[in-house]
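The values are calculated or read from the model by the stated rules, or taken from the named source; none is laboratory data. Given the structure is predicted, the values throughout are model-derived calculations rather than measurements. Counting neighbours? That spans all protein chains shown, and the Cβs are built from the backbone with ideal geometry, glycine included.
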Amino acid sequence: MPKLPKAVWILVLAMAINTTGSSFLWPFNTLYIHEYLGESMTKAGMALFVNSALAIVGNYLGGKAFDRLGGKKTLVISVIGLVLSSVGLLLFHQTYIGYVAMLGLIGFVGGMVFPTIYAMTGVIWPEGGRRAFNAIYVAQNVGVALGTAVSGQIAAFSIQYIFIANLVLYIVFAIILFVGLSWIQAPARMHAAHDEIETTRTPLSRGSARTMLLVSIGYALLWFVYV
């Protein structure tokens, strides 16, 4: 069985750090809005709705940007946006409007990151098949587990440290991507692989499209219960 290429390992590590940073906020969103900002639970739910809704938009635009700009440019744009929005959250989280605005922006640019990393993994290692995507998905869940576990320890000192830790991890995420990928993967090779995938792409059959739709609906229902 072939080993994962170094470039894929970098994406795996980057994804783990990215989700660790984002999951720092998850256990405390409702608590912070209700207990620290003094807003109702309804407003706390609306804040999370804004975050998730803009993440959906980011997912779509991230995929479109990957097709038009390529993986590297899309990641640069989205990761810079992620760091800047995290800085904004650190500066403006004291008010409900500021918190929701920055949380929504994080959802949007963070949403662009996920499809780009998945697609980039397929471009870098097309012969890896499911293994490449499985590795990214495992890294995503490892980050969620680490972030939610460690965030409680950090919040025990001060909940303000959560926002600092979130920013620090996003900066580390950006450094790993910018330095690691440029060092390991030559842009020309990535563009050649991307062009090869574009030329060999075939439209989905009706049966495949129907199957994907059913899987997507089932996955959405599972997430609805989970959330």
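Rundown of residues vs (1) over 18 Å from residue 172 (Cα atoms); (2) surrounded by 15 or more Cβ atoms within 10 Å (Cβ to Cβ); (3) touching a Cys at 6+ places or on another chain (Cβ under 8 Å), yes/no style:
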| residue | (1), (2), (3) |
| --- | --- |
| 82 | no, yes, no |
| 97 | yes, no, no |
| 102 | yes, yes, no |
| 119 | yes, yes, no |
| 128 | yes, yes, no |
| 134 | yes, no, no |
Selection status of residue 107, surrounded by 15 or more Cβ atoms within 10 Å (Cβ to Cβ) and out of contact with any strand residue (DSSP E or B) (no Cβ under 8 Å at 6 or more places or on another chain):
yes
Could you identify the single residue in 120, 112 that is modelled with pLDDT of 90 or more and touching a Gly at 6+ places or on another chain (Cβ under 7 Å)?
112
Meets criteria (small (Gly, Ala, Ser), closer than 21 Å to residue 31 by Cβ and touching a helix residue (DSSP H, G or I) at 6+ places or on another chain (Cβ under 7 Å)) for residue 70
no
The listed residue being in a helix (DSSP H, G or I), at pLDDT 90 or above and over 13 Å from the mean Cα position of the chain (by Cα), out of 47, 55, 16, 7
47
Among the residues of segment 88-140, write down those that are of a type in the set (Phe, Trp, Tyr) and without any contact (Cβ under 8 Å) to a residue 60 or more places away in the chain.
92, 108, 114, 118, 133, 137
With respect to residue 35, is the statement that it is charged (D, E, K, R), more than 19 Å from residue 112 (Cβ to Cβ) and buried (at least 17 other Cβ atoms within 10 Å of the Cβ) true?
no
With respect to residue 41, is the statement that it is aliphatic (A, V, I, L, M), free of Cβ contacts under 8 Å to residues at least 40 places away in the same chain and surrounded by fewer than 22 Cβ atoms within 10 Å (Cβ to Cβ) true?
yes
As an exercise: evaluate residue 151 against (1) hydroxyl-bearing (Ser, Thr, Tyr); (2) assigned to a helix (DSSP H, G or I); (3) out of contact with any Pro (no Cβ under 7 Å at 6 or more places or on another chain) and give the number of the one condition it does not meet.
(3)
